[in-house]
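A.B. asks: Handing you a structure now.
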Amino acid sequence: MTTKLGYAAALLLLIAAPFFVYPVLLMKFLCFALFACAFNLILGFGGLLSFGHAAFFGGAAYVAGHAIKVWGLPTELGILAGAAAAGVMGLAAGMLAIRRQGIYFAMITLALAQMAYFLFISAPFTGGENGLQGVPRGRLLGMIDLQDNMAMYYFTLAIFLAAFWLIARTVHSPFGQVLRAIRDNEPRAVSLGYDVERYKLQAFVLSATLAGLAGALKTVVFQLASLTDAHWHMSGEVVLMTLLGGVGTIAGPAVGAGIIVALQNLLASGPLSAWVPVVLGVIFVICVLSFRRGVIGELRAFLQKSF
(Lines give C-alpha, C1' and ligand atoms only; values in the text may rest on other atoms or scores of the structure.)
Protein backbone atom coordinates (compact mmCIF):
# COMPACT_ATOMS: atom_id res chain seq x y z
CA MET A 1 0.00 0.00 0.00
CA THR A 2 2.82 2.40 0.92
CA THR A 3 4.54 1.68 -2.40
CA LYS A 4 1.37 2.35 -4.39
CA LEU A 5 0.79 5.62 -2.55
CA GLY A 6 4.38 6.61 -3.26
CA TYR A 7 3.99 5.90 -6.97
CA ALA A 8 0.68 7.80 -7.08
CA ALA A 9 2.26 10.81 -5.35
CA ALA A 10 5.23 10.69 -7.75
CA LEU A 11 2.88 10.57 -10.75
CA LEU A 12 0.89 13.59 -9.54
CA LEU A 13 4.15 15.43 -8.90
CA LEU A 14 5.41 14.71 -12.43
CA ILE A 15 2.12 15.85 -13.96
CA ALA A 16 2.19 19.15 -12.08
CA ALA A 17 5.97 19.72 -12.22
CA PRO A 18 6.21 21.64 -15.55
CA PHE A 19 4.07 24.43 -14.09
CA PHE A 20 6.77 25.10 -11.50
CA VAL A 21 10.05 23.85 -13.03
CA TYR A 22 11.56 24.51 -16.47
CA PRO A 23 10.11 21.74 -18.70
CA VAL A 24 13.37 21.09 -20.60
CA LEU A 25 15.17 20.31 -17.34
CA LEU A 26 12.38 17.93 -16.38
CA MET A 27 12.60 16.23 -19.78
CA LYS A 28 16.33 15.77 -19.30
CA PHE A 29 15.57 14.11 -15.97
CA LEU A 30 12.99 11.78 -17.54
CA CYS A 31 15.41 10.73 -20.30
CA PHE A 32 18.19 9.91 -17.86
CA ALA A 33 15.76 8.29 -15.43
CA LEU A 34 14.67 5.93 -18.21
CA PHE A 35 18.31 5.29 -19.12
CA ALA A 36 19.17 4.43 -15.50
CA CYS A 37 16.12 2.19 -15.06
CA ALA A 38 17.02 0.33 -18.25
CA PHE A 39 20.59 -0.14 -17.03
CA ASN A 40 19.37 -1.34 -13.63
CA LEU A 41 17.45 -4.12 -15.38
CA ILE A 42 20.72 -5.97 -16.05
CA LEU A 43 22.80 -4.71 -13.12
CA GLY A 44 20.26 -4.82 -10.32
CA PHE A 45 18.26 -7.84 -11.45
CA GLY A 46 20.69 -9.70 -13.71
CA GLY A 47 23.95 -9.06 -11.90
CA LEU A 48 25.64 -7.89 -15.13
CA LEU A 49 27.81 -4.77 -14.87
CA SER A 50 28.03 -3.15 -18.29
CA PHE A 51 30.42 -0.29 -19.02
CA GLY A 52 29.14 0.04 -22.56
CA HIS A 53 25.54 1.19 -22.31
CA ALA A 54 26.46 4.62 -23.67
CA ALA A 55 26.89 2.94 -27.07
CA PHE A 56 23.17 2.06 -27.12
CA PHE A 57 22.13 5.43 -25.72
CA GLY A 58 24.26 7.37 -28.21
CA GLY A 59 23.71 5.03 -31.15
CA ALA A 60 19.94 5.34 -30.87
CA ALA A 61 20.32 9.12 -30.54
CA TYR A 62 22.14 9.29 -33.87
CA VAL A 63 19.80 6.89 -35.66
CA ALA A 64 16.68 8.68 -34.42
CA GLY A 65 18.09 12.09 -35.30
CA HIS A 66 19.12 10.97 -38.79
CA ALA A 67 15.79 9.21 -39.41
CA ILE A 68 13.79 12.30 -38.45
CA LYS A 69 16.00 14.97 -40.00
CA VAL A 70 17.26 13.27 -43.17
CA TRP A 71 14.78 10.51 -43.92
CA GLY A 72 11.83 12.63 -42.88
CA LEU A 73 10.22 10.02 -40.66
CA PRO A 74 7.56 11.15 -38.18
CA THR A 75 8.88 11.75 -34.68
CA GLU A 76 7.27 8.62 -33.25
CA LEU A 77 8.75 6.37 -35.95
CA GLY A 78 12.15 8.04 -35.64
CA ILE A 79 12.25 7.31 -31.91
CA LEU A 80 11.18 3.70 -32.53
CA ALA A 81 13.88 3.37 -35.21
CA GLY A 82 16.49 4.54 -32.71
CA ALA A 83 15.28 2.07 -30.08
CA ALA A 84 15.24 -0.76 -32.64
CA ALA A 85 18.80 0.08 -33.72
CA ALA A 86 19.90 -0.02 -30.08
CA GLY A 87 18.23 -3.42 -29.72
CA VAL A 88 20.17 -4.77 -32.70
CA MET A 89 23.39 -3.36 -31.27
CA GLY A 90 22.53 -4.94 -27.93
CA LEU A 91 21.96 -8.31 -29.59
CA ALA A 92 25.33 -8.17 -31.35
CA ALA A 93 27.20 -6.99 -28.24
CA GLY A 94 25.35 -9.37 -25.93
CA MET A 95 26.12 -12.44 -28.01
CA LEU A 96 29.81 -11.69 -27.49
CA ALA A 97 29.77 -10.39 -23.92
CA ILE A 98 27.51 -12.81 -22.03
CA ARG A 99 29.96 -15.65 -22.57
CA ARG A 100 32.08 -14.05 -19.84
CA GLN A 101 31.32 -12.98 -16.28
CA GLY A 102 32.37 -10.28 -13.84
CA ILE A 103 35.14 -7.92 -14.83
CA TYR A 104 35.64 -9.72 -18.15
CA PHE A 105 32.04 -9.02 -19.12
CA ALA A 106 32.45 -5.36 -18.10
CA MET A 107 35.66 -4.96 -20.10
CA ILE A 108 34.16 -6.54 -23.22
CA THR A 109 31.20 -4.17 -23.11
CA LEU A 110 33.57 -1.22 -22.61
CA ALA A 111 35.72 -2.29 -25.56
CA LEU A 112 32.68 -2.68 -27.82
CA ALA A 113 31.35 0.70 -26.72
CA GLN A 114 34.68 2.36 -27.55
CA MET A 115 34.60 0.76 -30.99
CA ALA A 116 31.13 2.22 -31.50
CA TYR A 117 32.33 5.62 -30.26
CA PHE A 118 35.14 5.80 -32.80
CA LEU A 119 32.69 4.66 -35.48
CA PHE A 120 30.43 7.58 -34.59
CA ILE A 121 33.37 9.98 -34.86
CA SER A 122 34.18 8.93 -38.40
CA ALA A 123 30.72 8.09 -39.78
CA PRO A 124 29.44 10.82 -42.16
CA PHE A 125 25.84 10.75 -40.94
CA THR A 126 26.75 11.64 -37.32
CA GLY A 127 28.34 15.01 -38.04
CA GLY A 128 31.56 13.98 -36.31
CA GLU A 129 32.64 16.25 -33.46
CA ASN A 130 29.94 18.78 -34.36
CA GLY A 131 27.21 16.26 -33.75
CA LEU A 132 23.86 15.96 -35.49
CA GLN A 133 22.22 19.34 -35.02
CA GLY A 134 18.86 20.85 -35.86
CA VAL A 135 16.79 17.69 -35.43
CA PRO A 136 13.13 18.79 -35.76
CA ARG A 137 10.70 17.77 -33.05
CA GLY A 138 7.88 17.49 -35.55
CA ARG A 139 4.24 16.91 -34.74
CA LEU A 140 2.82 14.06 -32.70
CA LEU A 141 0.41 12.01 -34.84
CA GLY A 142 0.56 14.89 -37.29
CA MET A 143 -1.54 17.06 -34.97
CA ILE A 144 0.26 18.13 -31.78
CA ASP A 145 3.18 20.53 -32.25
CA LEU A 146 6.05 19.14 -30.18
CA GLN A 147 7.97 22.38 -30.55
CA ASP A 148 5.85 23.51 -27.62
CA ASN A 149 7.77 22.50 -24.49
CA MET A 150 4.65 21.57 -22.52
CA ALA A 151 3.42 19.23 -25.25
CA MET A 152 6.88 17.74 -25.59
CA TYR A 153 7.10 17.25 -21.84
CA TYR A 154 3.88 15.25 -21.59
CA PHE A 155 4.88 13.18 -24.63
CA THR A 156 8.21 12.42 -22.90
CA LEU A 157 6.42 11.64 -19.65
CA ALA A 158 4.05 9.22 -21.42
CA ILE A 159 6.98 7.32 -22.96
CA PHE A 160 8.80 7.22 -19.63
CA LEU A 161 5.75 5.89 -17.79
CA ALA A 162 5.14 3.20 -20.44
CA ALA A 163 8.78 2.09 -20.31
CA PHE A 164 8.81 2.19 -16.49
CA TRP A 165 5.69 0.01 -16.40
CA LEU A 166 7.33 -2.44 -18.82
CA ILE A 167 10.44 -2.67 -16.63
CA ALA A 168 8.38 -3.18 -13.47
CA ARG A 169 6.23 -5.80 -15.20
CA THR A 170 9.33 -7.60 -16.47
CA VAL A 171 10.96 -7.65 -13.04
CA HIS A 172 7.86 -9.15 -11.39
CA SER A 173 7.21 -11.66 -14.17
CA PRO A 174 8.45 -15.30 -14.17
CA PHE A 175 11.23 -14.13 -16.49
CA GLY A 176 12.31 -11.56 -13.90
CA GLN A 177 12.26 -14.16 -11.13
CA VAL A 178 14.53 -16.45 -13.15
CA LEU A 179 16.81 -13.51 -13.82
CA ARG A 180 17.09 -12.86 -10.09
CA ALA A 181 17.83 -16.52 -9.49
CA ILE A 182 20.66 -16.35 -12.02
CA ARG A 183 22.00 -13.25 -10.30
CA ASP A 184 21.91 -14.85 -6.85
CA ASN A 185 23.13 -18.34 -7.72
CA GLU A 186 23.91 -19.06 -11.35
CA PRO A 187 25.15 -22.67 -10.86
CA ARG A 188 21.87 -23.56 -9.14
CA ALA A 189 19.86 -21.97 -11.97
CA VAL A 190 21.86 -24.08 -14.45
CA SER A 191 21.22 -27.21 -12.39
CA LEU A 192 17.48 -26.48 -12.50
CA GLY A 193 17.61 -26.61 -16.29
CA TYR A 194 17.42 -22.92 -17.19
CA ASP A 195 19.26 -21.74 -20.27
CA VAL A 196 21.23 -19.07 -18.42
CA GLU A 197 22.87 -17.52 -21.46
CA ARG A 198 19.54 -17.12 -23.24
CA TYR A 199 18.00 -15.34 -20.24
CA LYS A 200 21.02 -13.06 -19.92
CA LEU A 201 20.94 -12.24 -23.61
CA GLN A 202 17.22 -11.44 -23.57
CA ALA A 203 17.67 -9.16 -20.56
CA PHE A 204 20.66 -7.47 -22.18
CA VAL A 205 18.79 -6.81 -25.42
CA LEU A 206 15.75 -5.44 -23.57
CA SER A 207 17.99 -3.20 -21.48
CA ALA A 208 19.83 -1.96 -24.58
CA THR A 209 16.55 -1.26 -26.40
CA LEU A 210 15.15 0.79 -23.52
CA ALA A 211 18.46 2.63 -23.14
CA GLY A 212 18.21 3.41 -26.84
CA LEU A 213 14.66 4.64 -26.35
CA ALA A 214 16.00 7.09 -23.76
CA GLY A 215 18.76 8.26 -26.12
CA ALA A 216 16.38 8.72 -29.04
CA LEU A 217 13.99 10.67 -26.86
CA LYS A 218 16.81 12.91 -25.63
CA THR A 219 17.74 13.71 -29.23
CA VAL A 220 14.20 14.90 -29.95
CA VAL A 221 14.03 16.91 -26.72
CA PHE A 222 17.32 18.77 -27.30
CA GLN A 223 17.21 18.53 -31.12
CA LEU A 224 20.80 17.33 -30.98
CA ALA A 225 22.80 14.08 -30.93
CA SER A 226 26.43 14.45 -29.92
CA LEU A 227 29.49 12.36 -29.10
CA THR A 228 28.86 13.05 -25.43
CA ASP A 229 25.90 10.68 -25.61
CA ALA A 230 28.17 7.81 -26.68
CA HIS A 231 31.26 8.59 -24.59
CA TRP A 232 32.39 6.18 -21.88
CA HIS A 233 31.76 8.96 -19.33
CA MET A 234 28.06 8.47 -20.04
CA SER A 235 28.37 4.78 -19.16
CA GLY A 236 30.02 5.74 -15.87
CA GLU A 237 27.35 8.34 -15.19
CA VAL A 238 24.51 5.85 -15.50
CA VAL A 239 26.33 3.49 -13.14
CA LEU A 240 26.55 6.34 -10.62
CA MET A 241 22.85 7.15 -11.00
CA THR A 242 21.89 3.54 -10.40
CA LEU A 243 24.14 3.07 -7.38
CA LEU A 244 23.10 6.38 -5.85
CA GLY A 245 19.38 5.65 -6.18
CA GLY A 246 19.55 1.97 -5.23
CA VAL A 247 20.64 -1.06 -7.25
CA GLY A 248 17.95 -3.70 -7.53
CA THR A 249 15.08 -1.34 -6.71
CA ILE A 250 12.43 -0.34 -9.23
CA ALA A 251 12.36 3.42 -8.63
CA GLY A 252 15.86 3.88 -7.21
CA PRO A 253 17.67 4.57 -10.50
CA ALA A 254 15.12 7.26 -11.40
CA VAL A 255 15.73 8.94 -8.03
CA GLY A 256 19.48 8.71 -8.58
CA ALA A 257 19.09 10.26 -12.03
CA GLY A 258 17.06 13.10 -10.54
CA ILE A 259 19.78 13.82 -7.96
CA ILE A 260 22.57 13.83 -10.55
CA VAL A 261 20.67 15.99 -13.05
CA ALA A 262 19.71 18.46 -10.31
CA LEU A 263 23.31 18.69 -9.07
CA GLN A 264 24.66 19.18 -12.57
CA ASN A 265 22.16 21.98 -13.17
CA LEU A 266 22.87 23.69 -9.84
CA LEU A 267 26.65 23.46 -10.10
CA ALA A 268 26.93 24.35 -13.78
CA SER A 269 26.53 28.09 -13.24
CA GLY A 270 28.26 28.39 -9.86
CA PRO A 271 31.89 28.66 -8.71
CA LEU A 272 32.19 24.86 -8.83
CA SER A 273 31.26 24.60 -12.51
CA ALA A 274 34.69 23.26 -13.44
CA TRP A 275 34.58 20.77 -10.58
CA VAL A 276 31.31 19.04 -11.36
CA PRO A 277 32.98 15.64 -12.12
CA VAL A 278 34.94 15.90 -8.87
CA VAL A 279 31.81 16.65 -6.85
CA LEU A 280 29.99 13.72 -8.47
CA GLY A 281 33.00 11.51 -7.73
CA VAL A 282 32.93 12.50 -4.06
CA ILE A 283 29.21 11.73 -3.92
CA PHE A 284 29.91 8.33 -5.47
CA VAL A 285 32.55 7.53 -2.85
CA ILE A 286 30.27 8.62 0.00
CA CYS A 287 27.42 6.55 -1.40
CA VAL A 288 29.55 3.42 -1.74
CA LEU A 289 31.02 3.78 1.75
CA SER A 290 27.97 4.94 3.71
CA PHE A 291 24.80 4.20 1.70
CA ARG A 292 25.53 0.93 -0.03
CA ARG A 293 21.87 0.26 -0.69
CA GLY A 294 21.32 3.69 -2.25
CA VAL A 295 18.74 6.30 -1.34
CA ILE A 296 15.67 4.14 -1.97
CA GLY A 297 17.31 1.02 -0.53
CA GLU A 298 18.22 2.79 2.71
CA LEU A 299 14.77 4.40 2.92
CA ARG A 300 13.08 1.04 2.42
CA ALA A 301 15.28 -0.57 5.09
CA PHE A 302 14.47 2.27 7.51
CA LEU A 303 10.72 1.92 6.94
CA GLN A 304 10.88 -1.84 7.43
CA LYS A 305 12.64 -1.38 10.77
CA SER A 306 10.23 1.34 11.86
CA PHE A 307 7.04 -0.47 10.97
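A.B. asks: Take the solvent-accessible surface of the protein heavy atoms, probe 1.4 Å, and return the percent of it on region 23-230 that carbon and sulfur atoms account for.
C.D. replies: Numbers: 5710 of 8660 Å².
Carbon and sulfur atoms account for 66 percent of the accessible area of region 23-230.
A.B. asks: For the chain, what is the accessible area per residue in Å² when the probe is 1.4 Å?
C.D. replies: Values: 14840 Å² over 307 residues.
Roughly 48 Å² per residue, with all protein chains present.
A.B. asks: I need to check one value: relative contact order of region 116-224, counting alpha carbon pairs closer than 8 Å and at least 6 residues apart, in percent. Write down the numbers at each step before the final one.
C.D. replies: Values: 52 pairs, mean separation 34.7, N = 109.
Computed value for region 116-224: 32 percent relative contact order.
A.B. asks: With a ≥ b ≥ c taken as the square roots of the eigenvalues of the C-alpha gyration tensor of region 194-307, please select rounded if a/c is under 1.5 and otherwise prolate if a/b is larger than b/c or oblate if it is not? Write out the running numbers ahead of the final one.
C.D. replies: Values: a/c = 1.98, a/b = 1.04, b/c = 1.91.
Oblate, because a/c is 1.5 or more while a/b does not exceed b/c.
A.B. asks: Give the lysines reachable from K4 as a straight Cα distance under 26 Å; neighbours fewer than 8 places away on the same chain don't count.
C.D. replies: Within the straight-line cut-off, K4 pairs with K28, K305.
A.B. asks: Then there's this: Could you point to the label whose value was computed as Cα Rg over 2.2 N^0.38 Å for the structure here, given (1) 1.35; (2) 0.97; (3) 1.04?
C.D. replies: After the calculation, the listed value that fits is (2).
A.B. asks: Continuing with this model, one more query. With runs of 4+ DSSP H residues as the only contributors, calculate the mean residue ellipticity of the chain at 222 nm using -39,500 (n - 2.57) per run, divided by the residue total and rounded to the nearest 500. All intermediate terms of the calculation are to be shown ahead of the outcome.
C.D. replies: On the way: 13 runs with 223 residues, N = 307.
Mean residue ellipticity at 222 nm (helix-derived): -24500 deg cm²/dmol.
A.B. asks: Taking θ = phi - 60°, what integer Hz values does the Karplus form 6.51 cos²θ - 1.76 cosθ + 1.60 yield along region 195-206, in sequence order, with x for Gly and Pro?
C.D. replies: So the J values, rounded to whole Hz, are 7, 4, 5, 5, 5, 4, 5, 4, 5, 5, 5, 4.
A.B. asks: According to a simple spin-label model (label point 7 Å from Cα along Cα-to-Cβ), what is the distance in nm between A9 and R99?
C.D. replies: 5.0 nm
The values are calculated or read from the model by the stated rules, or taken from the named source; none is laboratory data. Worth saying up front: this structure is predicted, and the values here are computed from it rather than measured. Positions of Cβ are generated from backbone atoms using ideal geometry, with glycine treated the same way; all protein chains shown enter the neighbour counts. Only protein heavy atoms, including side chains, enter the accessible area calculation; ligands, DNA and RNA are left aside. Shrake-Rupley method; radii C 1.70, N 1.55, O 1.52, S 1.80 Å.
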